[in-house]
1. Search the range 206-251 for residues being of a type in the set (Gly, Ala, Ser) and under 20 Å from the mean Cα position of the chain (by Cα), and hand back the single one that is surrounded by the most Cβ atoms within 10 Å (Cβ to Cβ).
2. What is the one condition in (1) open to solvent by 20 Å² or more (accessible area, probe 1.4 Å); (2) touching a strand residue (DSSP E or B) at 6+ places or on another chain (Cβ under 7 Å); (3) modelled with pLDDT of 95 or more that Ser291 does not satisfy?
3. Please work out which residue is nearest to Leu186 (Cα to Cα), limiting yourself to the range 342-365 and to residues that are assigned to a strand (DSSP E or B) and open to solvent by less than 30 Å² (accessible area, probe 1.4 Å).
4. Go through the range 188-209 and count every residue that is part of a helix (DSSP H, G or I) and in contact (Cβ under 8 Å) with a residue 24 or more places away in the chain.
5. For residues in the range 325-341 being farther than 17 Å from Ile268 by Cβ and touching a Lys or Arg at 6+ places or on another chain (Cβ under 8 Å), which is most open to solvent (accessible area, probe 1.4 Å)?
6. Is there any pair with a first residue in the range 237-251 that is more than 16 Å from Glu204 (Cβ to Cβ) and a second that is of a type outside the set (Phe, Trp, Tyr) and modelled with pLDDT under 90 whose Cβ atoms are under 6 Å apart and which are 6 or more apart or on different chains, and what are they?
7. Which condition from (1) open to solvent by 40 Å² or more (accessible area, probe 1.4 Å); (2) in a loop (DSSP other than H, G, I, E, B); (3) at pLDDT 70 or above is the one that Lys162 breaks?
Amino acid sequence: FFESQMQPAPPHAHAPLVVCPGATRHIYDTHTTLAPAPAPNPWSLPALSVAVLGVVGACYLLTLPSSSSSLWTLTTPRVAQSLPHASESRSRLHTSLNRDIGSLLSPTARKSPGIPRPRPTLPTGARDAGVPNSSRRTALLYAMGLLTGLAAWTRQRKGGIKLPKEWTIAAVAEAPQTVADLKVRLYEELGAVAPNGLSAGPAEQRRIADLVAQIEALNPTPKPSRSPLMAGFWRMLYTDMEPAPSSGKLGPFVGDVFQDLQPEKDRIVNLLKVSFPPIRGGLAADLEIISDDTWQITFDDIQQYLGPFCVATKAFPRDPPEIRQWQITYLDEELRILRAKNIRAPEVYIFVLKREEAARFVLGA
């Protein structure tokens, strides 16, 4: 149990670490960077365009005359024949139209500008029961656009419309995100690879590393290693190191990993808790603050319990000692992020922990 802690960490296969521009400078080298994740976009270009079109149409509708006779007219005999109020026969309607059109086209009418030209007339019933002309149809389309745009805007604000990312408005997509927004996204990603990130593949590790780097850049605690917020009981949510007791994997069993930090005593205890069988393990270590953001951890001993019984105890050698360095890259009241390494190995691992005092337990209890 915890034997792997005494050996140099093997080369890891996880994705390279990520540091976003503006993030706190790390004491370890990194190899590559990732583009920041796109921000969620509450607007869409189609919905916005349709809403604007609808508003313009509503304004146009208000400018139309209110007289029904100026908004409705009949243009063809075919339409007149289909109306219920057009009692004239088809032949009579054609005769009337041909007579009026002939009057307009007669040489006398063309050569005598002073003579008023007769206008084509239709029966009163057919004229009053006409169909919408182009102005009315345009107005109706605009009104429909207004209603559609408002509905689309309402649904989009509620997250009900999913559109391709390339349709979004760039100015909104580039809006900066708060720590709270990034935490929500991080917890969602960690929930998908629970427990402890053991099921995370390369793609998930890259996304999580990118979110971690963005959160690190917004660290609110300037000297985290000296902050009183470090003290307390913390549950590990994620690490990108290979399966080992420090990542919650003990042979075929998987358990929860905790850290009990006691900086006032220069002491820490890493804890492993397996539900079934009831295995408990603890790795005690001394801590030393070596900079404003870094702790140096020197391993002391390991204890293993099966239920209330201590079944194994082993001390770490003092020459040479087993030493780790923790760089605390983010710290607030609930979340702590650190990057840990063995001083004799180049690999650096991300650890994400959340304060959870309610889960506190004592070995052997």
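The values are calculated or read from the model by the stated rules, or taken from the named source; none is laboratory data. These numbers were taken from a predicted model, which means no experiment stands behind them. Note that each Cβ is placed from the backbone with ideal geometry, even for glycine, and that neighbours are counted across all protein chains shown. What goes into the accessible areas is simple: the full protein's heavy atoms, side chains included, and nothing from ligands, DNA or RNA. Shrake-Rupley method; radii C 1.70, N 1.55, O 1.52, S 1.80 Å.
1. The residue in question is Ala213.
2. (2)
3. Among those that are assigned to a strand (DSSP E or B) and open to solvent by less than 30 Å² (accessible area, probe 1.4 Å), it is Val352.
4. The number of residues fulfilling the criteria is 7.
5. Per the stated criteria, the residue is Glu333.
6. Taking only residues 6 or more apart or on different chains, the pairs are Ala244/Ser4; Lys249/Pro243.
7. Of everything listed in (1) open to solvent by 40 Å² or more (accessible area, probe 1.4 Å); (2) in a loop (DSSP other than H, G, I, E, B); (3) at pLDDT 70 or above, Lys162 misses just condition (3).
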